[in-house]
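For reference, the structure is listed below as structure tokens.
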Amino acid sequence: MAAEPVGAVESLFGRNKEEHPEPIQAEVHGEIPSWMEGILLRNGPGMHTIGETKYNHWFDGMALLHSFTIKNGKVFYQSKYLRSDTYECNIEANRIVVSEFGTMAYPDPCKNIFAKAFSYLSHTIPQFTDNCLINIMKNGDDYYATSEVNFIRKINPRTLETLEKVDYTKYVAVNLATSHPHYDSAGNILNMGTSIVDKGKTKYVIFKIPPSVPESEKKKKKTCLKHLEVMCTIPSRSLLNPSYYHSFGVSENYVLFVEQPFKLDILKLATAYIRGVNWASCLVFQKDDKTWIHLIDKQTKKVLPTKYYTDALVLFHHVNAYEEDGHVVLDIISYTDHSLYQMFYLKNLNTNFEDNVKLTSIPTCKRFVLPLQCDKDTDVGSNLVRLPSTTATAVKEKDGSIYCQAEILCEGIELPRINYDYNGKKYRYIFAAEVKWSPVPTQVVKFDIVTKKKLHWEEDHCWPAEPVFVPSPNAQEEDDGIILSTIVTTDPRKLPFLLILDAKTFKEMARATVNVELHLDLHGIFIRDKDLQLEHEVDLDKEED
Ligand SMILES: CC1=C(/C=C/C(C)=C/C=C/C(C)=C/C=C/C=C(C)/C=C/C=C(C)/C=C/C2=C(C)C[C@@H](O)CC2(C)C)C(C)(C)CCC1
Ligand SMILES: [Fe+2]
């Protein structure tokens, strides 16, 4: 692997990126399948310096939306900063005035937008950010930029324009909500959030948002969020220390929530602003604690009484979950500590990256297997896992709890994606970024859970993003489809591109290069053309009127 040019890592993570709101035609090399029509829409931080001020953490950057629109074998690129209230205030003040995850900011001259919600004059409650930089969420025909706080921002997926600011708290009592919701086959969103200020009762809330509103409300343009339903609430084991979580799992009949010992310290959070420390410092890893795995029955909307637990771990991304012969199989990317957050401090992401970042834990793809039948007294002390395909164990203890130990599927992968048609179902393939934890580019990888073999795509100076799987029409097999990944390059002579791989063979089918600087992003979705048709039809209707 070739060494990276000096300053490459710095510019990759820290340098402000320009936006390109008008479509730019990419140069296509190779052949894009004719059925491949739609928009790859992605989100991530693109600006870390405002005036003289600089954010501390990579996850703090201003959300920069970007898209590759694929039509008739042609590809167009666009990018636009999310015009969040946070962005507008920062730009107007020409400095960071709203706090983010890793940066606490102080009194805000731009009162008009935020003052209503919080009396910042008391200097105790800072303004909450609507810089939604993590992912894109689809709600029927609407698309939102999302982060982990109570605000989401509606966006136009074609123009990348920023639309309404939506506050979850108007519809459900949550202060935090994940940016990794699930979708069922009818298009309902299933998401989870944490309520930390509801009468002292700290709880996790699982909720459902339908993909459309009743006919009678359509004309009034009512939001689907009005019809949000709480499916289940789970009290936090500790009122002052609810777990942090970045995603959760679903199988056919259950929702899976991992209550990890990586936690929010509410007392620290409440005093962070006056103490002058960032939110990130209010996350604590209680390494001697246990990790509890909760199964919520979708039918009864109740948490199963069985207490499943494992050793302390830190988890950001679930991969998938499914049921098999009376067990629930749960695959996650797991760490032994929270050094991942440490790694993304911008002061570490410079030319001395390798020396600065001592990642003490590498991401490990683990499989836990939870037996559903565990009520017989005779079972104490024995392994209840009966699946021949796995070495994962679950041992019943005297007090009735079940101690689970995982099977390691593979090491060094992050940003996992699957064929979403297999979400909650038995599946075989994981697509991800292969992580080396040093300033050499990552690879795109396909991991076969059955054979334990990996297929890779890599190229010098190329930094691939999270790979998105798009099934081909009439797909028969799980990996019938293509992989889309945006590739950032750190060699100035090499243009960045959209990479299109055959998901079966991992051979490159095409690439579409653009003569602009791409930013390294986090997550996104592919919107098929037919899912955008509706919006188009509505527009035509209007014209006929
Ligand atoms: C806490 C709190 C508050 C505030 C909370 C705030 C502002 C939270 C913000 C949270 C954010 C932005 C969280 C972001 C999480 C992102 C995660 C976990 C990203 C993971 C990314 C990975 C693993 C990336 C990997 C890689 C990348 C990107 C590039 C590749 O080359 C290499 C590889 C794979 C390592 C309130 C609401 C004010 C009050 C209440 C309590
Ligand atoms: Fe994520």
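Taking only pairs six or more apart or across chains, which ones have beta-carbon atoms under 7 Å, a first residue in region 20-43 that is within 22 Å of Ala475 (Cα to Cα), and a second residue that is of a type in the set (Ser, Thr, Tyr) and part of a strand (DSSP E or B)?
If the second residue must be of a type in the set (Ser, Thr, Tyr) and part of a strand (DSSP E or B), the pairs left are Ile39/Ser67; Ile39/Thr69; Leu40/Ser67.
Check whether at least one residue in region 526-540 is closer than 19 Å to Trp35 by Cβ, modelled with pLDDT of 95 or more and open to solvent by 20 Å² or more (accessible area, probe 1.4 Å), and report yes or no.
Looking for residues that are closer than 19 Å to Trp35 by Cβ, modelled with pLDDT of 95 or more and open to solvent by 20 Å² or more (accessible area, probe 1.4 Å), one finds at least one in region 526-540, hence yes.
Those residues that are more than 14 Å from ligand 2 (Cβ to nearest atom) and within 25 Å of Lys425 (Cβ to Cβ), I need them from region 172-187; list them, please.
Answer for region 172-187, where residues must be more than 14 Å from ligand 2 (Cβ to nearest atom) and within 25 Å of Lys425 (Cβ to Cβ): Tyr183, Asp184, Ser185, Ala186, Gly187.
List the strands (runs of 3 or more DSSP E) inside region 424-466, counting only whole elements, that have at least 3 residues being away from ligand 1 (no atom under 13 Å from the Cβ) and farther than 30 Å from Val255 by Cβ.
The qualifying strands (runs of 3 or more DSSP E) are 454-457.
Yes/no matrix, rows are residues, columns are (1) within 16 Å of ligand 2 (Cβ to nearest atom); (2) closer than 30 Å to Ile483 by Cα; (3) part of a strand (DSSP E or B); (4) in contact with a helix residue (DSSP H, G or I) (Cβ under 8 Å, 6 or more places away or on another chain):
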{"position": "Ala312", "(1), (2), (3), (4)": "no, no, no, no"}
{"position": "His317", "(1), (2), (3), (4)": "yes, yes, yes, no"}
{"position": "Ile333", "(1), (2), (3), (4)": "yes, yes, yes, no"}
{"position": "Asp337", "(1), (2), (3), (4)": "no, no, no, no"}
{"position": "Asn348", "(1), (2), (3), (4)": "no, no, no, yes"}
{"position": "Ser389", "(1), (2), (3), (4)": "no, yes, no, no"}
{"position": "Ala394", "(1), (2), (3), (4)": "no, no, yes, no"}
{"position": "Lys398", "(1), (2), (3), (4)": "no, no, no, no"}
{"position": "Glu414", "(1), (2), (3), (4)": "yes, yes, yes, no"}
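For region 130-141, give me each residue that is buried (at least 22 other Cβ atoms within 10 Å of the Cβ), more than 15 Å from ligand 2 (Cβ to nearest atom) and under 21 Å from Ser185 (Cα atoms).
Residue satisfying the conditions is Asn139 alone.
Which is open to solvent by less than 30 Å² (accessible area, probe 1.4 Å), touching a Pro at 6+ places or on another chain (Cβ under 6 Å) and of a type outside the set (Phe, Trp, Tyr), of Ile418, Ile430, Ile449, Ile402?
Within the list Ile418, Ile430, Ile449, Ile402, the selection yields Ile430.
Can you work out which of the residues in region 351-366 that are modelled with pLDDT of 75 or more and assigned to a loop (DSSP other than H, G, I, E, B) is surrounded by the fewest Cβ atoms within 10 Å (Cβ to Cβ)?
Thr360
I'd like the residue in region 236-280 that is of a type in the set (S, T, N, Q) and either within 21 Å of Lys290 (Cα to Cα) or within 16 Å of ligand 2 (Cβ to nearest atom) (or both) and, out of all such residues, is nearest to the chain's Cα centre (by Cα).
It comes out as Ser247.
Just one of (1) open to solvent by 10 Å² or more (accessible area, probe 1.4 Å); (2) of a type in the set (S, T, N, Q); (3) more than 16 Å from ligand 1 (Cβ to nearest atom) trips up Asn56, so point out which.
(3)
Restricting attention to region 171-185, which residues are more than 17 Å from Tyr143 (Cα to Cα) and surrounded by fewer than 18 Cβ atoms within 10 Å (Cβ to Cβ)?
Result: Ser185, single match.
With the requirement that a residue be more than 16 Å from ligand 1 (Cβ to nearest atom) and either open to solvent by less than 10 Å² (accessible area, probe 1.4 Å) or not in a helix (DSSP H, G or I) (or both), what does region 84-101 give you?
Asn94, Arg95
Take the conditions away from ligand 1 (no atom under 16 Å from the Cβ) and loosely packed, with under 15 Cβ neighbours inside 10 Å and apply them to Lys201. Does it pass?
No.
Quick check on my filter: what residues within region 244-264 are of a type outside the set (S, T, N, Q), open to solvent by less than 10 Å² (accessible area, probe 1.4 Å), part of a loop (DSSP other than H, G, I, E, B) and within 16 Å of ligand 1 (Cβ to nearest atom)?
Phe248
Of these, Ser99, Ser119, Ser84, which one is closer than 25 Å to Leu176 by Cβ, within 24 Å of the chain's Cα centre (by Cα) and at pLDDT below 95?
Ser99
Is at least one residue of region 155-163 more than 22 Å from Ser67 (Cα to Cα), without any contact (Cβ under 8 Å) to a residue 60 or more places away in the chain and surrounded by fewer than 20 Cβ atoms within 10 Å (Cβ to Cβ)?
no
The values are calculated or read from the model by the stated rules, or taken from the named source; none is laboratory data. Predicted model only: the values in this text are computed from it and were never measured. Positions of Cβ are generated from backbone atoms using ideal geometry, with glycine treated the same way; all protein chains shown enter the neighbour counts. To get the accessible areas, we keep the full protein, side chains included, count just its heavy atoms, and leave off ligands, DNA and RNA. Shrake-Rupley method; radii C 1.70, N 1.55, O 1.52, S 1.80 Å.
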